[in-house]
């Protein structure tokens, strides 16, 4: 009998939501450009970079192309002397005509209930559907983790893309992904190994020195 093939080592992916901006919780920014971190958001990004710096060597830091994610990613990449790599597939959902609208107005629309209860059947007017956003996000995650087998990598993105990645990892239907919360500058850790993903933590804002991936 031939010897059993040794499985490839797992990849630890740390998903980080960008830090606070001046409009977080007030406006639906979508893919709008020109939105930078607030002072509190810059402090959050710096602290997240310090938390991640205690882990074994990080192989790469990826970010969506928007300013708020790149600024957060830069604070994480700095201690590891890495450049931030951008990938458009890590962008937030294209909110189309809803981009820049006040959340307090959107929550009063009939469509908002669909966004929360049946997101798989919703498309932003003039924009993207949630299944389309999930498909591109998961494709990006697959490419990144296969590019960095056996390493730890950081992906800085937005709340909904991170939540749909977690939903996929735990085998949850897309229509349930809104039941999760991903706070600004929080860390969500998933190990991708030969037997599939293993979720270590979601929406974590504490210390990370005890974060050790399990065997594949």
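Per the conditions (1) at pLDDT 95 or above; (2) assigned to a helix (DSSP H, G or I), the sole criterion not satisfied by residue 62 is (2). A Cβ distance below 9 Å, combined with a sequence gap of six or more or placement on separate chains, defines the contacts here; from segment 181-202, residues that are on the phi > 0 side of the Ramachandran plot reach residues that are part of a strand (DSSP E or B) and at pLDDT 95 or above in the pairs 185/16; 185/17. Scanning segment 27-41 for residues that are assigned to a helix (DSSP H, G or I) and either buried (at least 17 other Cβ atoms within 10 Å of the Cβ) or under 17 Å from the mean Cα position of the chain (by Cα) (or both) returns a single hit, 41. For segment 71-101, a residue qualifies if it is within 28 Å of residue 132 (Cβ to Cβ), free of Cβ contacts under 8 Å to residues at least 60 places away in the same chain and assigned to a helix (DSSP H, G or I), and the qualifying residues are 71, 88, 89, 97.
The condition of being touching a helix residue (DSSP H, G or I) at 6+ places or on another chain (Cβ under 9 Å) and surrounded by fewer than 23 Cβ atoms within 10 Å (Cβ to Cβ) holds for residue 47.
Can residue 58 be described as over 19 Å from the mean Cα position of the chain (by Cα) and either surrounded by fewer than 21 Cβ atoms within 10 Å (Cβ to Cβ) or over 30 Å from residue 12 (Cβ atoms) (or both)? The answer is no for residue 58. Across segment 184-215, the qualifying residues are those that are buried (at least 17 other Cβ atoms within 10 Å of the Cβ) and at pLDDT below 90, and the one among them that is farthest from residue 19 (Cα to Cα) is 213. Looking at 51, 108, just one residue is free of Cβ contacts under 8 Å to residues at least 24 places away in the same chain and not in a strand (DSSP E or B), and that residue is 108.
Scanning segment 133-191 for residues that are in contact with a strand residue (DSSP E or B) (Cβ under 6 Å, 6 or more places away or on another chain), closer than 17 Å to residue 68 by Cβ and assigned to a helix (DSSP H, G or I) yields 159, 162.
The values are calculated or read from the model by the stated rules, or taken from the named source; none is laboratory data. Since we're looking at a predicted model, the values are computed, not measured. Methodologically, a virtual Cβ is constructed for each residue, glycine included, from the backbone with ideal geometry; neighbour enumeration extends over all protein chains shown.
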